[in-house]
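Just below is one structure, and these are the notes that go with it.
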Amino acid sequence: MKRVTVGGGGPAGAAAALAALGAGAEVEIRDRSAFPRHKVCGEFLSPEALEVLEPLGAAGRVLARKPAWMRRVRLVMGRHEKQARLEREAIGISRYALDAILLEEAQSRGASLVRGEALPLGAPAVDATGRGAHAARAGTKPGRLFGFKAHFSGPASDEVELFFWDGCYVGVNPVEDGLTNVCGLAPQARLAAVEFDVDALLQQGGDALRERLAPLTRQWEWIRTGPLVYARQRWGPERTEGVYPAGDALGFVDPFTGSGQLCALVSGRLAGLAAARGFPLHRYFGEAERLLGRAARVSGTMRRALEAGMPGWLAQFAPIGAIYSWTRPSIKL
Ligand SMILES: Cc1cc2nc3c(=O)[nH]c(=O)nc-3n(C[C@H](O)[C@H](O)[C@H](O)COP(=O)(O)OP(=O)(O)OC[C@H]3O[C@@H](n4cnc5c(N)ncnc54)[C@H](O)[C@@H]3O)c2cc1C
């Protein structure tokens with residue numbers, strides 16, 4: 001029986017493990033964190049995730065945790081804002097719950113979960129260790145971005161709300177147990193200007209954000225992450241044959257698209273199959289490009305427009321439905 005090592009136990013690693021198990025491999029997952037654990041993430045899960053998780057046998061466990069459901073989206077850019085209905089209801093579930101659920105499913109099917117360093121990985125393996133591989137390239141530029149997140153109690157809505165200002169963005173959306181996730185990112189220089197006090201930063205985010213947060217009570221200290229680097233790995237002869245990068249390790253898309261976890265599940269599933277069946281690496285990269293290429297290109301274009309200071313009034317004309325669907329990966333294997 002083939003023995004596949006999966007480095008990283010986030011959504012990409014768990015999907016890789018489930019797919020490799022389904023293809024008859026023996027699987028060991030290595031992660032340096034203990035689960036469950038909180039993670040900086042907007043926790044907006046595209047509904048297509050259930051279609052990826054269903055054949056992997058994990059959709060039922062996710063639904064059993066009773067996630068929140070989101071029906072609407074609200075974009076706020078300065079004084080300008082736009083609201084729309086989501087074509088399909090999206091899922092709000094914390095990474096504390098989701099990552100543990102997916103790993104439990106993999107373990108219940110025979111995968112072993114080992115706590116410890118995963119790198120370097122020997123073939124056959126899936127590298128699902130997240131965006132750390134890209135982070136070193138951020139250097140120490142003041143423009144580099146940092147993420148933050150906390151859960152709040154108080155009135156929850158069925159909306160995902162995105163607030164943009166001065167190179168910062170914050171997403172507010174419901175998760176399980178009636179809680180609200182507040183998660184965002186900001187350039188280092190803006191955080192330094194408020195001495196890395198996230199509450200003070202949010203006070204600068206405009207009236208709409210202040211009003212939204214006013215009735216909410218933070219449940220724990222802000223957790224932070226960074227620096228964030230948007231990057232994609234491409235196939236090249238220098239890659240190690242038999243080691244398949246997946247999830248953020250393959251490509252990190254702009255968080256405001258809310259498709260990072262779905263991309264991680266899609267590429268993780270593909271990488272797990274590739275490792276179990278011994279696909280040539282160039283074929284794996286070709287398939288990954290087919291599934292994820294458009295989402296990465298469109299989110300890259302959106303990010304550059306925002307970085308260039310896209311004026312707020314443009315938000316009124318943004319075709320939200322089209323942008324939403326263009327930033328989803330294809331889920332068809
Ligand atoms: C601010 C922010 C907001 C976001 N909001 C959303 C959102 O609303 N919706 C959405 O879908 N996506 C969102 N994303 C993106 C999403 O979080 C990622 O795309 C997703 O976590 C990728 O999953 P992954 O499994 O590839 O990596 P990760 O979730 O990062 O998992 C990697 C795992 O590998 C482990 N690891 C790392 N290095 C090693 C090592 N050397 N040895 C052993 N273990 C290691 C880590 O402990 C971790 O458990 C957001 C991201 C950020 C930063």
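Summary of computed values
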{"item": "³J(HN,Hα), Karplus 6.51/-1.76/1.60, whole Hz, each residue of the range 109-117, x for Gly, Pro", "result": "9, x, 6, 9, 10, 10, 8, x, 5"}
{"item": "Extension gain, Lys66 back to Glu89 (0.36 nm per residue minus Cα-Cα distance, nm)", "result": "6.9 nm"}
{"item": "Peptides 156-166, 296-306, 177-187, 191-201 ordered by average Cβ neighbours within 10 Å, highest first", "result": "177-187, 156-166, 296-306, 191-201"}
{"item": "Accessible area, probe 1.4 Å, largest first, for residues Glu26, Glu176", "result": "Glu26, Glu176"}
{"item": "Charge context of Gly122, other residues only, Cβ under 12 angstrom, K/R +1, D/E -1", "result": "-1"}
{"item": "Rounded tilt (10° steps) of 260-277 against the dominant C-alpha axis of the chain", "result": "10"}
{"item": "Separation of the Arg303 and Glu238 label points, Cα + 7 Å toward Cβ, nm", "result": "2.0"}
{"item": "In sequence order, calculated HN-Hα J values of the range 155-163 (Karplus, 6.51, -1.76, 1.60; Hz; x Gly/Pro)", "result": "x, 9, 10, 9, 10, 9, 10, 10, 10"}
{"item": "Angle between the chain longest axis and helix 281-307 axis [Cα atoms, degrees, rounded to 10]", "result": "10"}
{"item": "Where Thr240, Thr257 fall by accessible area, highest first, once all protein chains stay in place (1.4 Å)", "result": "Thr240, Thr257"}
{"item": "Residues in the range 241-273 that a label on Ile331 would reach, taking backbone N under 12 Å of a point 7 Å out along Cα→Cβ", "result": "262-263, 265-266"}
{"item": "Exposure rank, largest accessible area first [Lys2, Lys149; 1.4 Å]", "result": "Lys2, Lys149"}
{"item": "Length-normalised contact order of the chain in % [C-alpha pairs under 8 Å, at least 6 apart]", "result": "25"}
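The values are calculated or read from the model by the stated rules, or taken from the named source; none is laboratory data. Bear in mind that the values here come from a model prediction, so they are computed numbers and not experimental data. So basically every Cβ, Gly included, is an ideal-geometry build from the backbone, and we count neighbours across all protein chains shown. Note: accessible area is taken over every heavy atom of the protein model, side chains too, but ligands, DNA and RNA are not part of it. Shrake-Rupley method; radii C 1.70, N 1.55, O 1.52, S 1.80 Å.
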